[in-house]
Amino acid sequence: MVKIIANNIEMRFGSRLLYRFDRLSLAQHQTIHLQGDNGSGKTTLMKMLAGLQAPSLGEIHTEGFAPTPWWRRNPLLGKAVYLHQHPYLFDGSVAYNLNYVQPLCDMTEQEIASRTQTAIEMAQLGGLLNQRAASLSGGERQRLAIARAWIMRPHLLMLDEPTSNMDKLSQQLVLTMVSHLKQQGTGMLISSHQSCLLTGLCEQTWQIQNQAIQVSPSSLDERPFTPSQQELRYVTAN
Ligand SMILES: Nc1ncnc2c1ncn2[C@@H]1O[C@H](COP(=O)(O)OP(=O)(O)OP(=O)(O)O)[C@@H](O)[C@H]1O
């Protein structure tokens, strides 16, 4: 079982306190809805858990991952995949973006090829493969970013307002991909202002309010580790 654990955290920008909390953890087999008003600090929390932003006070560590390579100074980087609401895409075609993550996947070539093909079908990207990623619409970019993460089958995935730009069809496609990842044991933190199709998959809520984070229900069973699940790799972040 892999997890990221944040203890005794305080986060502020200058004199402005975003929140304080004693402990939060994101583990495999959990699907959590992160709620909060605009500017409450949802993106900041995800970036902290992904190692992209240091908390003002407190400590974030991981359990259950392979040892950090000696050359990596930040031990949190690479442990969770974080997808920003305006996902970073590489300069190149849609196909290039999908293939880019293949060397990072701990699977056989055959498995990677099969997952890539399935991801293209699930995200309905077949007609867009030769199009430049930079020219995609907001919803198509999100679908591509989630398809790319789906291929990697990460242990932990953070989705920042994943359906904010999406019409009903795109939301349904993303729901299918995220449901698959949930079945495969990927632990997910999904930020969304409102309840939506995706948040219907969540069994816990983290609500940012009054400079604190309320967790409900307050505890969740964490299912035992499945040894066949592959090592998490880092995809992209802003
Ligand atoms: N590097 C920074 N320096 C100063 N203030 C920052 C910085 N990054 C974020 N903030 C501020 O911290 C607050 C929380 O930002 P964050 O993006 O985490 O909120 P959010 O809950 O994700 O918002 P939204 O729902 O609008 O996306 C905002 O008021 C933002 O302006």
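Please treat every number below as a calculation from the coordinates, not as lab data. Note that this is a predicted model, so its numbers are computed, not measured. Every residue, glycine among them, receives a Cβ derived from its backbone with ideal geometry; neighbour counts consider all protein chains shown.
Summary of values
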quantity	calculated
Contour excess over end-to-end distance, with Cα ends at residue 71 and residue 106 and 0.36 nm allotted per residue	10.6 nm
Extended-chain gain in nm, criterion 0.36 nm per residue less alpha-carbon gap, residue 53 and residue 194	48.3 nm
The chain - share of DSSP beta bridges that are antiparallel (%, nearest 5)	60
Pairwise label distance in nanometres, residue 91 with residue 179, each label 7 Å out on the Cα-Cβ vector	4.0
Proxy reagent accessibility, fewest Cβ within 10 Å first, across 47, 79	47, 79
Distance between the stretch 47-88 and the stretch 92-160 - C-alpha centres, whole angstrom	22
Modelled FRET efficiency - R0 35 Å, residue 164 with residue 117, Cβ distances, 0.05 increments	0.80
Sequence of 98, 157 once ranked by neighbouring C-beta atoms within 10 Å, starting from the fewest	98, 157
Full-extension gain in nm, residue 12 to residue 211, via 0.36 nm per residue minus C-alpha separation	70.6 nm
